1. In region 120-138, which residues are in contact with a Pro (Cβ under 9 Å, 6 or more places away or on another chain) and farther than 11 Å from T172 by Cβ?
2. Somewhere in region 235-253, is a residue closer than 29 Å to T125 by Cα and assigned to a loop (DSSP other than H, G, I, E, B)?
3. Which count do you get for residues in region 34-46 that are within 12 Å of the ligand (Cβ to nearest atom), surrounded by fewer than 17 Cβ atoms within 10 Å (Cβ to Cβ) and modelled with pLDDT of 95 or more?
4. So, of the residues in region 6-33 that are of a type in the set (A, V, I, L, M) and surrounded by fewer than 21 Cβ atoms within 10 Å (Cβ to Cβ), which turns out to be nearest to the ligand (Cβ to nearest atom)?
5. Would it be correct to say that S51 is under 19 Å from G257 (Cα atoms), in contact (Cβ under 8 Å) with a residue 60 or more places away in the chain and of a type in the set (S, T, N, Q)?
6. Consider V227 carefully, then state whether it is modelled with pLDDT under 95 and part of a loop (DSSP other than H, G, I, E, B).
7. Out of all the residues in region 205-234, which are within 21 Å of M266 (Cβ to Cβ) and either surrounded by fewer than 19 Cβ atoms within 10 Å (Cβ to Cβ) or aromatic (F, W, Y) (or both)?
8. If I filter region 68-84 down to residues being among the aromatic types (F, W, Y) and within 16 Å of the ligand (Cβ to nearest atom), which single residue comes out as surrounded by the fewest Cβ atoms within 10 Å (Cβ to Cβ)?
Amino acid sequence: MLKKIAIINDISGFGRCSVTVALPILSAMGIQCGVVPTAVLSNHTEYPEYSILDFTPYMKEYISKWHSLNLHFDGVYTGFLGSEQQLYYILEMMSEFTFANRIVDPVMGDHGVIYDSYTKEMCKTMKQLVIRSTLTTPNVTELCILTGHSYQENLTEKEICSMCEELVLQGTGNIVVTGLEREREIGNAIYENGRFTVHYSPKVLPLRPGTGDVFASILAGDSLHNVALQESVDKASHFICTCLNTSGKWQIPINDGVCFEEHLDMLISSGK
Ligand code: PXL
């Protein structure tokens with residue numbers, strides 16, 4: 001049966017991130033997508049300038065139409081959010097729509113720094129979303145924010161594991177922590193049913209904006225298809241490595257993100 005997912009994320013008109021990544025990837029994986037925009041930007045915020053329209057004032061009415069049309073989704077997948085109020089709308093939506101799969105990419109910051117547009121209140125409320133998720137994909141910075149730990153570059157695997165345990169004790173489902181850095185490798189930690197494992201793959205430089213969106217989109221699609229988490233993380237890491245190599249070979253500007261179009265066929269077999 002064709003699965004349906006509600007993507008709640010921003011539309012950045014240029015630069016391969018959020019919806020312009022999630023839509024093609026999830027469609028290639030054979031999933032029908034609905035979109036709730038959180039903000040509309042001319043391009044993502046890593047470019048030297050951008051213009052942004054916060055979608056908060058329209059969001060309640062937008063979601064209520066989906067409700068009155070009696071739309072149903074097998075899952076919800078949240079990403080970049082525009083305001084604290086949006087978090088409350090999404091929490092409400094989660095209880096009204098009873099999504100079986102709730103994938104929360106708790107986009108808040110990276111490399112120890114909270115993004116400009118995120119307030120402390122938003123970060124606090126984001127935790128409410130995370131503890132209701134069936135799968136969440138924080139990077140190390142976001143994991144520290146969610147658990148109230150101060151960020152350090154060289155956190156041990158043991159420390160990361162105990163932060164995951166804290167979140168799981170509060171209700172979070174499975175967790176994949178992205179961006180564990182070692183000298184020439186980048187790793188992902190999986191916390192699933194009380195088991196913690198870490199897997200490293202070669203780091204393909206330069207790092208590019210939108211990589212986290214590619215990763216979380218693949219995990220979201222696989223989650224709806226009940227693919228084992230380890231298999232899904234391996235698939236996403238391999239896909240990203242392949243796309244980053246192509247991006248480098250074609251000298252794609254860093255801010256133009258991960259050049260994935262050439263390789264979407266790698267994901268098509270994921271459709272069930
Ligand atoms: O995926 C990251 C992302 C999402 N949305 C917006 C962004 C970025 C990264 O820079 O600027 C608007």
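The values are calculated or read from the model by the stated rules, or taken from the named source; none is laboratory data. All values reported here derive from a predicted model rather than from experimental measurement. Glycine gets a Cβ as well: all are built from the backbone with ideal geometry, and neighbour counts include every protein chain shown.
1. Once the filter is applied, which keeps residues that are in contact with a Pro (Cβ under 9 Å, 6 or more places away or on another chain) and farther than 11 Å from T172 by Cβ, region 120-138 yields C123, M126, T137.
2. no
3. Number satisfying all stated conditions: 2.
4. I11
5. no
6. Judged against the criteria, V227 is not a match.
7. L207, F215, H225, N226, V227, A228, Q230, E231, D234
8. Taking the candidates together, the pick is F80.
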